[in-house]
1. Go over the candidates VAL287, VAL184 one by one and state the one that is in contact with a helix residue (DSSP H, G or I) (Cβ under 6 Å, 6 or more places away or on another chain), farther than 26 Å from PHE107 by Cα and among the aliphatic types (A, V, I, L, M).
2. If ILE330 satisfies all but one of (1) free of Cβ contacts under 8 Å to residues at least 12 places away in the same chain; (2) farther than 21 Å from GLY161 by Cα; (3) part of a helix (DSSP H, G or I), what's the number of the condition it fails?
3. Taking the criterion of being out of contact with any Pro (no Cβ under 8 Å at 6 or more places or on another chain) and buried (at least 20 other Cβ atoms within 10 Å of the Cβ), would at least one residue in the range 112-128 satisfy it?
4. Please go through the range 1-37 and pick out each residue that is out of contact with any Ser or Thr (no Cβ under 7 Å at 6 or more places or on another chain), outside any helix (DSSP H, G or I) and buried (at least 22 other Cβ atoms within 10 Å of the Cβ).
5. Among the listed residues VAL155, VAL225, VAL162, VAL187, which satisfies the condition of being closer than 26 Å to PRO12 by Cα, crowded, with 19+ Cβ neighbours inside 10 Å, among the aliphatic types (A, V, I, L, M) and without any contact (Cβ under 8 Å) to a residue 60 or more places away in the chain?
6. Any idea which residue in the range 25-60 is farthest from GLY161 (Cα to Cα), counting only those that are among the polar types (S, T, N, Q) and touching an Asp or Glu at 6+ places or on another chain (Cβ under 9 Å)?
7. Among the residues in the range 271-284, are any part of a helix (DSSP H, G or I) and among the aromatic types (Phe, Trp, Tyr)?
Amino acid sequence: MRILVATDAWHPQVNGVVRTLTMMADTARPLGAEVAFLTPQSFRTFAMPSYRDLRVALPRPAKIARLIADARPDSIHIPTEGPIGLLVRRYCRKQRFPFTTSFHTRFPEYVSARAPIPESLIWRALRRFHSPSRAVMAATPALANELRMRGFANVVLWPRGVDTGLFHPRAVDLCLPPPIFLCVGRVAVEKNLEAFLDLDLPGTKVIVGDGPARAMLEQKYPQAVFLGALQGEALAQVYAAADVFVFPSKTDTFGLVLLEALASGLPVAAYPVSGPRDVIGAAPVAVLDPDLRSACLAALEISPLACVEFAAQHTWEASTRAFIENMADIHAARAESGPIELVTEQPRFVA
């Protein structure tokens, strides 16, 4: 089965969406599926005014049609609601080509943190975007239930995984005063990093990641250590060197970094909100408390072995199998509708 993933989030962005899609594609081939990508690399882009590292594609309908035809997909998946996602969605509707989507980002909360736009309007737009999807994939049962309550249809599960071959305990010394409280993620207002950096904690606070708020936070919190964006072995070593992983975000739908931290033997301190609550559940590997300082200190007492054993249950193979199974019905529907034909004229899309 050939699957085309049309995404606005792609390298060099460093985030959970890109890591999820990359790991899923790498794992899919041995399971009988070939995954190709339609990304901003095929188009002109421009930098977001408030986030220069995030580039937005400027796709053209004719090129979208040509790229889809060249890929000859059996199924199409759209994980982002950006310009590429919108045009591929419209193409699929025009061609009556069944497709799936996934819900990764709480845009209503993200936007309201930056602009006075009612969250209800953004939720309405998201419902409209996902409404033609044959399956809206959500990372956790709690998120799936929330989407259904908000009026989303055809919601199914697509759990996440972690690379335990990369993220695992090992002896690493950052030569910083212990205990080390670590936070990994985009350095932006919606991540609520100041709630962490304001805490009176012993040892050292370490931030891994980059983003529009980094310069301001580095100046405001000179005692914290900002390491910038890290990937691969460099990131894994920082996880292994820390003592507690702090997750102050209240808007993430999942938080892939939670599984990476736990696989590294790192207990979690977070607020009792969707995201960490959905990932952790009742497992004794985290402290979820409205008092984040108390959560950080209590997490120091959690067994690293319990964290590693919990993370081992979340493999990328299981995640990818769930994704492929969700695409199976779309593959069957595609077989009934016949091959894609390239639209050579400027298409008139249906909204």
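The values are calculated or read from the model by the stated rules, or taken from the named source; none is laboratory data. Only a predicted model underlies this, so the values are computations on that prediction, with no experimental measurement involved. Ideal geometry is used to build each Cβ from the backbone, glycine not excepted, and the neighbour counts take in all protein chains shown.
1. VAL287
2. (1)
3. no
4. Listed by number, the residues that qualify are LEU4, VAL5, ALA6, ALA33, VAL35.
5. VAL187
6. Selected residue: THR39.
7. Scanning the range 271-284 turns up no residue that is part of a helix (DSSP H, G or I) and among the aromatic types (Phe, Trp, Tyr).
Let's see how each residue does on (1) outside any loop (DSSP other than H, G, I, E, B); (2) of a type outside the set (A, V, I, L, M, F, W, C); (3) at pLDDT below 95; (4) in contact with a Ser or Thr (Cβ under 9 Å, 6 or more places away or on another chain):
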{"position": "PHE46", "(1), (2), (3), (4)": "yes, no, yes, no"}
{"position": "ARG52", "(1), (2), (3), (4)": "yes, yes, yes, no"}
{"position": "VAL56", "(1), (2), (3), (4)": "yes, no, yes, yes"}
{"position": "PRO59", "(1), (2), (3), (4)": "no, yes, no, yes"}
{"position": "ALA69", "(1), (2), (3), (4)": "yes, no, no, no"}
{"position": "CYS92", "(1), (2), (3), (4)": "yes, no, no, no"}
